[in-house]
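First the structure, in the form of structure tokens, and then the observations on it.
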Amino acid sequence: MNGTQTLDGKTAIVTGAGRGLGRAMALALADAGASVALAARSKNQLEAVAVEVEHRGRRAIVVPTDVTDADAVQDLVDTTVAGLGGLDILVNNSGVIDSRSLLEQDPTEWDRVIATNVRGTYLATRAAGAHLVPQGSGKIINIASNFAFQGVVNHAAYCASKAAIVAFTRSMAVEWARFGIQVNALAPGYFATDMNAELRADPEALAKVLRAVPARRMGKAEELSPWLVLLAGPASDFMTGQTIVVDGGQTAR
Ligand SMILES: NC(=O)c1ccc[n+]([C@@H]2O[C@H](COP(=O)([O-])OP(=O)(O)OC[C@H]3O[C@@H](n4cnc5c(N)ncnc54)[C@H](OP(=O)(O)O)[C@@H]3O)[C@@H](O)[C@H]2O)c1
């Protein structure tokens with residue numbers, strides 16, 4: 001796998017870029033040559049990642065954005081095109097999880113998960129598409145999850161949101177293939193980030209979870225990023241609507 005192919009001259013938006021997998025993916029795109037617009041709500045985290053991108057000799061802009069807010073997402077795309085001179089790659093990575101049983105979960109929490117994970121992906125795709133469709137090229141990579149393909153106790157909202165992302169990926173792929181736009185998804189398994197900090201702090205719960213992973217460990221961000229770089233570059237020019245699962249074998253069981 002050639003994870004170091006050049007994205008020289010390309011411009012990417014990464015949502016949820018302030019920490020975790022989004023930060024790692026923004027840095028991988030920069031390593032491959034892209035300029036990066038960094039979006040999330042926490043400005044200080046984005047600013048720290050911008051410094052890391054600039055240390056790699058690439059341009060970065062920080063655009064504080066709540067992906068559930070249509071106006072803010074439109075502003076993200078407009079600011080990127082104006083500030084970085086274009087848009088070629090959108091990574092829809094922002095996401096939240098809720099780990100309560102359905103009866104304990106308030107409808108507000110259900111809505112928060114669906115709004116962030118599904119509406120956020122839809123809004124950013126729509127705003128970016130208005131630029132990419134007339135341009136006649138573009139790469140959209142949506143971050144799903146192995147939970148899109150598995151029933152998981154206490155995670156109905158999250159599983160439903162990630163299955164929606166897989167279905168949305170397929171639909172947008174066929175809708176925009178004629179415009180030279182490829183829409184694919186990555187489905188990570190367990191990767192150590194803030195999202196699962198509580199789980200990792202509980203050795204018994206962690207051991208139980210890892211028993212379901214044939215590799216018997218969590219993934220490292222650098223084991224996900226090369227797939228992102230492939231999907232963001234010419235290697236995926238004839239590949240669209242697909243979801244690549246990177247989960248240590250969890251869904252292969
Ligand atoms: N870690 C895993 O094991 C794993 C497994 C499968 C899939 N994933 C998926 O990978 C993606 C990244 O997860 P992660 O583990 O890196 O989680 P994380 O460390 O919690 O980071 C989540 C990112 O999303 C941003 N975000 C949350 N709500 C947002 C909103 N309303 N608007 C804009 N940005 C928002 C957060 O920034 P702010 O809070 O500052 O807005 C943060 O930058 C998610 O889609 C997640 O579902 C993760």
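The values are calculated or read from the model by the stated rules, or taken from the named source; none is laboratory data. Since this is a predicted model, take the numbers as computed values, not measurements. As a convention, Cβ positions derive from the backbone with ideal geometry for all residues, glycine included, and neighbour counts pool all protein chains shown. Ligands, DNA and RNA are excluded from the accessible area calculation, which covers all protein heavy atoms including side chains. Shrake-Rupley method; radii C 1.70, N 1.55, O 1.52, S 1.80 Å.
Below, the figures for the structure above:
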{"read-out": "Qualifying residue in region 129-138 (condition: within 15 Å of the ligand (Cβ to nearest atom) and either of a type outside the set (S, T, Y) or open to solvent by 20 Å² or more (accessible area, probe 1.4 Å) (or both))", "value": "no"}
{"read-out": "Members of region 142-180 found to be open to solvent by less than 20 Å² (accessible area, probe 1.4 Å), farther than 21 Å from T193 by Cα and polar (S, T, N, Q), listed by number", "value": "T169"}
{"read-out": "Tally of residues being open to solvent by 60 Å² or more (accessible area, probe 1.4 Å) and under 24 Å from the mean Cα position of the chain (by Cα) across region 193-213", "value": "4"}
{"read-out": "Residue match in region 47-68 (condition: of a type in the set (D, E, K, R), near the ligand (Cβ under 10 Å from one of its atoms), at pLDDT 95 or above and closer than 23 Å to Y122 by Cβ)", "value": "yes"}
{"read-out": "Pairs where the first residue, in region 157-175, is closer than 17 Å to L231 by Cα and within 12 Å of the ligand (Cβ to nearest atom) and the second is of a type in the set (V, I, T) and in a helix (DSSP H, G or I), C-beta under 6 Å, 6+ apart", "value": "I165/T121"}
{"read-out": "Breaking point among (1) touching a helix residue (DSSP H, G or I) at 6+ places or on another chain (Cβ under 8 Å); (2) within 15 Å of the ligand (Cβ to nearest atom); (3) modelled with pLDDT of 95 or more, for D194", "value": "(3)"}
{"read-out": "Helices (runs of 4 or more DSSP H) completely within region 1-89 that count 2 or more residues being aliphatic (A, V, I, L, M), under 14 Å from A128 (Cβ atoms) and open to solvent by less than 20 Å² (accessible area, probe 1.4 Å)", "value": "70-84"}
{"read-out": "Residues being assigned to a loop (DSSP other than H, G, I, E, B) and surrounded by 15 or more Cβ atoms within 10 Å (Cβ to Cβ) - total across region 100-122", "value": "1"}
